[in-house]
Amino acid sequence: MVFDVSVAMTWILFLALFPMAFVWLRRAWRIIVRRDFSEVALKGGEPPSNPEKFAPYTAVINLICGVVVVWVIFGVIFLGLPFDTWSATAGITIWGKFIADFILGRHAHPISFSKKS
């Protein structure tokens, strides 16, 4: 049996979708239901001064990305989605979430040009 790197990477990508979906949907649940804003718009591990202002945006980002990833998992297992379709959908979702979280985190923590004392 010959080791094929592309098959291994495909399995790693597919198996990584499960914990990503869990974490993203759990974050949305914590924000929407439990009103826990500790993971909202983080920058350097610190939440903004008013996290409840940015909580709906973070919840929507996590909820949409979590649902898309669950749809991809369901599609691969039960519908037999082709590799090109599910890997492109998963990749765009992952990168889109990272970029959206980065933008929201930078927007929630404005740059202060005043001198720190």
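Between a first residue in segment 70-93 that is touching a residue at least 24 places away in the same chain (Cβ under 8 Å) and surrounded by fewer than 17 Cβ atoms within 10 Å (Cβ to Cβ) and a second residue that is in a helix (DSSP H, G or I) and among the β-branched types (Val, Ile, Thr), which pairs have beta carbons less than 9 Å apart while being 6 or more apart in sequence or on different chains?
Hits for this filter: 83/10; 83/76.
When you go through 22, 74, 18 one by one, which is the residue that is assigned to a helix (DSSP H, G or I), out of contact with any helix residue (DSSP H, G or I) (no Cβ under 9 Å at 6 or more places or on another chain) and not aliphatic (A, V, I, L, M)? First the steps, then the outcome.
Details: 22 fails: out of contact with any helix residue (DSSP H, G or I) (no Cβ under 9 Å at 6 or more places or on another chain); 18 fails: out of contact with any helix residue (DSSP H, G or I) (no Cβ under 9 Å at 6 or more places or on another chain).
Being assigned to a helix (DSSP H, G or I), out of contact with any helix residue (DSSP H, G or I) (no Cβ under 9 Å at 6 or more places or on another chain) and not aliphatic (A, V, I, L, M) holds for just one of 22, 74, 18, which is 74.
When the residues of segment 39-69 are filtered to those that are part of a loop (DSSP other than H, G, I, E, B) and of a type in the set (A, V, I, L, M, F, W, C), which remaining residue is surrounded by the most Cβ atoms within 10 Å (Cβ to Cβ)? So that I can check it myself, show each step before the final result.
Filtering segment 39-69 for residues part of a loop (DSSP other than H, G, I, E, B) gives 39-42, 44-45, 47-50.
Checking which are of a type in the set (A, V, I, L, M, F, W, C) leaves us with 40-42.
Values: 40: 25, 41: 23, 42: 17.
The residue in question is 40.
Do the conditions hold for residue 66, that is, is it of a type in the set (Gly, Ala, Ser), under 21 Å from residue 30 (Cα atoms) and in contact with a Leu (Cβ under 7 Å, 6 or more places away or on another chain)?
Values: of a type in the set (Gly, Ala, Ser): yes; under 21 Å from residue 30 (Cα atoms): yes; in contact with a Leu (Cβ under 7 Å, 6 or more places away or on another chain): yes.
Judged against the criteria, residue 66 is a match.
List the residue pairs whose Cβ atoms are under 9 Å apart, where the first residue sits in segment 1-22 and is farther than 30 Å from residue 59 by Cβ, the second is assigned to a helix (DSSP H, G or I) and modelled with pLDDT of 85 or more, and the two are 6 or more positions apart or on different chains.
Once the first residue is farther than 30 Å from residue 59 by Cβ and sits in segment 1-22, its partners that are assigned to a helix (DSSP H, G or I) and modelled with pLDDT of 85 or more give 10/83; 10/87.
Quick one: count up the residues across segment 22-38 that are within 13 Å of the chain's Cα centre (by Cα), charged (D, E, K, R) and buried (at least 17 other Cβ atoms within 10 Å of the Cβ). I'd like the intermediate steps shown before the answer.
Of all residues in segment 22-38, those within 13 Å of the chain's Cα centre (by Cα) come to 22-28.
After this cut, where a residue has to be charged (D, E, K, R) as well, the list is 26-27.
When the remaining residues are screened for being buried (at least 17 other Cβ atoms within 10 Å of the Cβ), the result is 27.
The qualifying residues number 1.
The values are calculated or read from the model by the stated rules, or taken from the named source; none is laboratory data. Not measured: the values here are computed from a predicted model. Quick reminder, even Gly has a Cβ in these numbers, built from the backbone with ideal geometry, and neighbours come from all protein chains shown.
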